[in-house]
Amino acid sequence: MASIKDVAAEAGLSVATVSRVLNQHPSVSEDARRRVTAAVEALGYRPNAVARSLRTDQTRTLGLVISDVMNPYFTELARSVEEEARALGYSVIIGNADERPDLQDHHVTTLLDRRIDGLLVSPTDGGSPRMLDAARAGTPMVFVDRWIPGVDVPVVRSDGRDAVRDLVAHLYALGHRRLAIIAGPAATTTGRERVDAFREALGAYGLALPDAYIGQGDFQADSGRRVTEGFLDLAEPPEVVFAADNLMALGALDAVRARGLRVPDDIALAAFDDVRWFVHTDPPVTAIAQPTGALGRAAVRALVDRIEGRPGESVTLPARLVVRRSCGEPTPPQSPVQQSPVQRSTS
């Protein structure tokens with residue numbers, strides 16, 4: 001790997017002059033700048049980011065700690081974060097908390113030790129001690145998707161209440177009256193918010209949400225499977241299971257099929273967090289879609305604002321209902337095959 005001394009030798013300049021060029025010092029001549037640029041390209045030289053950070057007190061690196069990298073929602077979120085950060089001249093290091101506060105603390109500590117410029121975090125449970133300490137110490141930080149009430153950190157999230165109301169209205173119109181929910185962890189803001197929104201939407205139609213129809217999940221597929229099995233064992237099972245995230249919906253679908261039952265003939269299924277593979281299930285799953293890409297991009301912009309001394313603003317974007325066929329929706333009519341017009345010959 002080429003060093004700065006190699007670049008100086010190739011350009012025929014001193015190491016000090018090369019260093020000034022690389023650090024964009026205004027006193028450098030255009031000739032020196034051209035020679036250093038040519039030498040850098042010829043040798044494939046890459047400046048040492050750690051050494052540069054010691055001089056500038058910036059690494060141009062962001063940390064992203066997500067709740068579960070196996071969850072397609074967070075995978076898509078991470079991708080949009082990385083793309084937006086790259087467009088703004090930053091790199092991203094990702095840590096997977098796997099819904100565990102201890103792992104979240106481990107990643108936060110590791111990232112801060114690597115001198116990242118700021119943190120994006122989707123908090124597990126009620127947060128974790130190291131993350132809370134970092135936020136209170138003034139580390140540039142933004143919460144994305146989930147947040148911790150009372151912590152003075154910008155929050156970038158979606159609001160699903162209107163979409164949940166739309167879902168319940170849709171289910172009611174289809175004739176469903178017994179609706180159950182697989183809830184996320186009560187310690188997370190998203191877990192609580194989705195249950196509250198569901199209960200409120202049911203109340204608008206005079207429908208109750210009995211305790212038997214609230215199953216406690218953990219945003220993992222196994223919990224969706226376990227809770228759905230419990231629903232199916234009830235003397236009066238629900239007509240619809242609403243899973244509060246996509247992985248729990250997958251577990252619910254597995255549980256229904258393991259009993260030899262079919263969605264939606266025997267029980268309907270809907271989900272929060274639409275994912276691409278929902279269109280490929282049989283039947284395709286009716287779901288609430290979050291603007292995941294927009295959330296990731298907005299979170300990066302808010303964090304970069306904080307890093308660069310501007311006030312980072314909280315952002316709330318609406319979720320929306322995507323109707324498919326897992327709740328007993330009528331099959332859309334097939335478009336007629338277009339026949340090519342018959343070409344008539346003339347004589």
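The values are calculated or read from the model by the stated rules, or taken from the named source; none is laboratory data. Owing to the predicted nature of the structure, the values given are computational and were not obtained by experimental measurement. A quick note on method: Cβ atoms are made from the backbone with ideal geometry, for glycine too, and the neighbour counts reach across all protein chains shown. In case anyone asks, the SASA skips ligands and DNA or RNA and just uses the protein heavy atoms, side chains included. Shrake-Rupley method; radii C 1.70, N 1.55, O 1.52, S 1.80 Å.
Odds and ends about this structure:
A quick yes/no check of all residues on (1) open to solvent by 50 Å² or more (accessible area, probe 1.4 Å); (2) modelled with pLDDT of 95 or more; (3) of a type outside the set (S, T, N, Q):
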position: Leu103; (1), (2), (3): no, no, yes
position: Arg114; (1), (2), (3): yes, no, yes
position: Leu120; (1), (2), (3): no, yes, yes
position: Gly138; (1), (2), (3): yes, no, yes
position: Arg165; (1), (2), (3): yes, yes, yes
position: Ala173; (1), (2), (3): yes, yes, yes
position: Val195; (1), (2), (3): no, yes, yes
position: Phe198; (1), (2), (3): no, yes, yes
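- Put simply, of Val285, Val263 the only residue that is within 24 Å of Ala197 (Cβ to Cβ) and open to solvent by less than 10 Å² (accessible area, probe 1.4 Å) is Val285.
- Verdict on Glu229 being under 30 Å from Thr75 (Cβ atoms) and either touching a strand residue (DSSP E or B) at 6+ places or on another chain (Cβ under 7 Å) or modelled with pLDDT of 95 or more (or both): yes
- From the options Val164, Val108, residue that is in contact with a Lys or Arg (Cβ under 8 Å, 6 or more places away or on another chain) and more than 30 Å from Leu207 (Cβ to Cβ): Val108
- Remark: pairs (first residue in segment 254-273, under 18 Å from Asp222 (Cα atoms) and touching a residue at least 40 places away in the same chain (Cβ under 8 Å); second residue among the aromatic types (Phe, Trp, Tyr) and open to solvent by less than 90 Å² (accessible area, probe 1.4 Å); Cβ separation under 7 Å; 6+ apart in sequence or on different chains) = Ala270/Phe242; Asp273/Tyr73.
- Residue check, Arg262 at pLDDT 95 or above, within 17 Å of Ala163 (Cβ to Cβ) and basic (Lys, Arg): no
- Number of residues in segment 229-255 that are open to solvent by 10 Å² or more (accessible area, probe 1.4 Å), among the charged types (D, E, K, R) and either within 27 Å of Ala97 (Cβ to Cβ) or part of a loop (DSSP other than H, G, I, E, B) (or both): the value is 4.
- Check on Arg226, open to solvent by 60 Å² or more (accessible area, probe 1.4 Å) and either of a type in the set (Lys, Arg) or touching a residue at least 24 places away in the same chain (Cβ under 8 Å) (or both): yes
- Test result for Asp218, surrounded by 14 or more Cβ atoms within 10 Å (Cβ to Cβ), under 22 Å from Pro72 (Cβ atoms), under 25 Å from the mean Cα position of the chain (by Cα) and modelled with pLDDT under 95: yes
- Of the residues making up segment 56-91, those that are surrounded by fewer than 22 Cβ atoms within 10 Å (Cβ to Cβ), in contact with a strand residue (DSSP E or B) (Cβ under 7 Å, 6 or more places away or on another chain) and either assigned to a strand (DSSP E or B) or basic (Lys, Arg) (or both) number 3.
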